[in-house]
């Protein structure tokens with residue numbers, strides 16, 4: 001690890017614990033000359049308080065101190081879930097084997113005897129800082145892999161379960177037509193045709209979201225933001241909703257101010273609005289209302305709101321609404337398929353614009369999804 005290649009935020013912090021001020025001064029000067037951030041303290045109790053408040057990357061710990069000795073300090077550190085992984089190097093005048101063994105069994109990773117050699121301190125500190133950094137990187141990679149596999153499992157469960165539902169429904173209706181057509185009345189045939197259309201629309205919507213999500217994961221979504229009139233984007237997005245609002249007799253009202261501009265990618269913003277309005281349609285009963293509005297904020301953003309008079313969302317579902325690894329999908333008010341994937345796509349696209357997405361909801365009253373988009377070029 002080359003300290004000169006690190007940003008100020010990434011420069012390792014070292015906590016030095018020794019009750020002798022001369023030792024603190026010598027070690028502090030030595031490590032500061034290497035470019036590290038150094039925090040000297042004179043006793044174990046203070047060391048624990050400082051470590052809890054400003055988690056260090058390494059601790060140099062004396063053993064013989066008044067009050068808490070180094071062994072006890074190390075044991076307390078290792079019992080703390082926030083500090084257990086911080087490497088501790090003991091540095092002490094005690095040089096008997098039993099003392100070194102006790103230091104290592106109490107949680108230390110290394111042991112330097114006093115009087116110490118500057119080169120030895122430099123080398124051991126650099127080695128353990130490098131090991132600590134690599135350990136944190138491995139932990140981060142493991143967490144990313146866990147998230148990746150959780151998302152992949154969810155993706156395949158959507159394919160296996162949510163695609164199968166509307167497709168099986170469609171096949172069932174075609175089977176009825178094939179086997180019972182001559183016995184069906186005109187009204188029955190029309191009803192089956194409507195159900196087939198709705199089933200096919202649900203199937204297509206879900207498939208479209210799956211393909212969109214796959215593009216996001218592969219990083220192949222083009223992103224070309226420019227200044228747009230928001231009302232134009234909203235109006236065109238609403239024309240692409242298909243028949244589902246009409247079928248449920250849902251009134252959609254746009255209160256987007258004329259001339260209000262946003263800095264966004266046209267296709268992506270359309271996808272966001274279409275998904276959020278489609279989601280509102282699914283969970284709004286017949287003859288309900290969906291209202292779109294927008295306003296400029298004080299931080300150079302436009303806040304867009306989509307409010308419905310639907311069934312609402314309980315707090316437990318809201319907490320997991322934008323996480324692919326948690327099943328938050330529900331059926332709509334008329335059995336519409338919903339895997340929750342559309343909202344996750346919206347969140348990813350909004351964050352791509354450096355905005356945020358959130359929801360306010362009351363069960364039985366309705367929901368309001370709000371998101372922000374830049375008002376001017378950033």
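The values are calculated or read from the model by the stated rules, or taken from the named source; none is laboratory data. Keep in mind that this is a model prediction, so the values were computed, not measured. All Cβ positions, even for glycine, are placed from backbone atoms using ideal geometry, and neighbour counts span all protein chains on display.
Some observations on this one:
- Residue count, region 16-30 (criterion: assigned to a loop (DSSP other than H, G, I, E, B) and either at pLDDT 95 or above or touching a strand residue (DSSP E or B) at 6+ places or on another chain (Cβ under 8 Å) (or both)): 1
- Qualifying position, being part of a helix (DSSP H, G or I) and at pLDDT 85 or above, among 158, 189: 189
- Of the residues examined, residue 85 is one that is within 20 Å of residue 10 (Cα to Cα), assigned by TED's automatic domain parsing to the domain that holds residue 19 and in contact with a helix residue (DSSP H, G or I) (Cβ under 9 Å, 6 or more places away or on another chain).
- Some residue of region 18-30 being within 19 Å of residue 106 (Cα to Cα) and either touching a helix residue (DSSP H, G or I) at 6+ places or on another chain (Cβ under 8 Å) or not assigned by TED's automatic domain parsing to the domain that holds residue 82 (or both): yes
- Count of residues meeting criterion [surrounded by fewer than 14 Cβ atoms within 10 Å (Cβ to Cβ) and more than 26 Å from the chain's Cα centre (by Cα)] in region 217-234: 3
- Cβ separations smaller than 6 Å between residues 6+ apart or across chains give the following pairs from region 237-255 residues that are not assigned by TED's automatic domain parsing to the domain that holds residue 196 and part of a helix (DSSP H, G or I) to residues that are at pLDDT 85 or above and surrounded by 15 or more Cβ atoms within 10 Å (Cβ to Cβ): 237/270; 237/273; 237/274; 244/281; 245/252; 245/281.
- Residue check, residue 70 touching a strand residue (DSSP E or B) at 6+ places or on another chain (Cβ under 7 Å) and either touching a residue at least 40 places away in the same chain (Cβ under 8 Å) or closer than 21 Å to residue 134 by Cα (or both): yes
- Look at (1) surrounded by fewer than 22 Cβ atoms within 10 Å (Cβ to Cβ); (2) assigned to a strand (DSSP E or B); (3) within 25 Å of the chain's Cα centre (by Cα) and you find that residue 304 fails only one, number (1).
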